[in-house]
């Protein structure tokens, strides 16, 4: 860590007004200079999506006096890219995303806008962490998260992260966590994913819903195992999705 | 492969009217029963994004007589999920996405809606391939792609793919490819990512642009190396982004 005050870029996918964002900002302010650049409204499930055809605008949220906060009419990844390009006075020392209102454990990470922002920063070589609380409510209680977020964030700021590795941190909702476990994302799948409706014109439409099924719930290698037992899970995530060890098999298949 | 006619689910991220989609449908129709479920307009850069707050609607595109084609007012992943839930008569034997108008080589895969659909199908255990042509134009010439797409798709249908592996196939734009190379996604980064404008009210806005920089252009391990030399690149992609080998190092860091 360099000697100047750390510059901390904060974003999320629940939008600039989400309580989880402001809880995170307040936790990080004793650690460094916080600048938040977040979507102007909810962007859950936006993954690594980028806005390619719509003009993006940045606005300072002057209604918030406790921190320097900007809103962007785009995705979490847009926020990171625009923050780097336009808002920040220099390259940040860390990107912190969250606190997400809801779990990003198991394979939910693939859809997560919280983690999309983290992966973007990681690809830019910036240490990056996503924090999620296992509670979807807008009124979720974040009071127990500060101590753990402070500890993890300071350690990453002090020691950095390995090249092309970022962290997906999930925090149990309703009690004091027993500790931290570094683990893998649990395999799982969604079922019954849509609810069907009929609109006033008699046409069908569909809303996403569904149940998440943990495919290996008793395996202590996985994040959901530890979250079920009131531990904080930390999954190292890599942006590169190449399955290098499958190359020989695919080469055989196509030859 | 089972003995009945293969059921082929087709989607893309350029939307239901993109010539690349119809070129792909025509290439695949001799192989099996094709049903296409694609976004109702361009969704480039949508990655694995899902629509969580907006009603989704499915419409049969009756203007197209050459195939059974549906449009969805959502993302490529929404198309796969809704196709599975609502449109298809049974589980498909393969998901084929594309042909994308433009490259999804290197780390562009992280933003790709074409590949978002492929990764979604892979997580559902369905063999899945994304095809992209290295030409952005709506008027791109796809005539040389059919032979290669036919070959690769038939081999995957016949032999399947390893568990939790899908394929990202990029095809050179302007000549007959010299062959197929199975390889890794090249490391790279984007620079100068936004163009700044001033609207009629004097307010600034930003549009995504930029240059892609290949960070290791002379390394034959990578897809861009082979694409530059007029080969088709095939990158095995895994949905799970856990960096398992980093777990001991992160455990040390946080202890």
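All of the numbers you see were taken from the coordinates with simple rules; none came from a lab. These numbers come from a predicted model, not from an experiment. Backbone-built Cβ (ideal geometry, glycine too); neighbour counts: all protein chains shown.
Peptide B:152-161 has a mean shielding of 2, counted as Cβ atoms of other protein chains within 10 Å of each residue's Cβ. Dividing the Cα radius of gyration of the range A:1-42 by its Kirkwood radius returns 1.04 for Rg/Rh. Distance between the 7 Å Cα→Cβ label points at residue B:244 and residue B:175: 4.1 nm. Highest mobility in the GNM of chain A, judged by mean-square fluctuation with C-alpha springs under 10 Å and restricted to A:19, A:172, A:239, is found for A:239. Placing a pseudo-label 7 Å from each Cα along the Cα-to-Cβ vector at residue A:209 and residue B:163 gives an inter-label distance of 3.2 nm. Listing A:122, B:166 from fewest to most neighbouring C-beta atoms within 10 Å gives A:122, B:166.
Considering the protein assembly as shown, its Cα convex hull presents a mean projected area of 24.7 nm².
Label points for residue A:218 are taken 7 Å from Cα along Cα→Cβ. From this copy to the others they lie 5.6 nm apart, shortest first. Only beta bridges with both residues in the range B:60-188 are counted; by DSSP, about 10 percent of them are antiparallel.
With Rh defined as the Kirkwood radius, the inverse of the mean 1/r over Cα pairs, the Rg/Rh of the range A:94-193 is 0.96.
Computed from the alpha carbon positions, the gyration tensor of chain B leads to an equivalent ellipsoid with semi-axes of 28, 24, 21 Å, biggest first. Taking N as the residue count of the range A:125-255, its C-alpha radius of gyration divided by 2.2 N^0.38 Å amounts to 1.39.
Peptide A:180-188 shows a mean partner chain C-beta count of 4 within 10 Å per residue C-beta.
Only Cα pairs under 8 Å and 6+ residues apart enter the sum, and on that basis the relative contact order of chain A stands at 18 percent. Label-point spacing for residue B:139 across the identical copies (point 7 Å from Cα in the Cβ direction), in nm and ascending order: 6.0. For the peptides A:65-73, A:5-13, the ranking by packing is A:5-13, A:65-73, with the highest mean count of neighbouring Cβ atoms within 10 Å listed first. Among beta bridges identified by DSSP and lying wholly in the range A:1-84, the antiparallel ones come to about 25 percent. For the listed peptides A:47-60, A:89-102, A:242-255, a ranking on the average number of other beta carbons within 10 Å per residue, highest first, reads A:89-102, A:47-60, A:242-255. What whole-number distance in Å separates the alpha-carbon centres of the range A:1-76 and the range B:151-217? Answer, in whole Å: 28. Across the copies of the chain, residue A:63 has label points (7 Å from Cα along Cα→Cβ) spaced 4.1 nm apart, shortest distance listed first.
Over the range A:24-144, the ratio between the Cα radius of gyration and 2.2 N^0.38 Å evaluates to 1.01.
Bridge orientation summary for the protein assembly as shown: considering DSSP beta bridges with both residues in this region, about 40 percent are antiparallel.
Residue by residue along B:190-203, Cβ atoms of other protein chains within 10 Å of the local Cβ number 2 on average.
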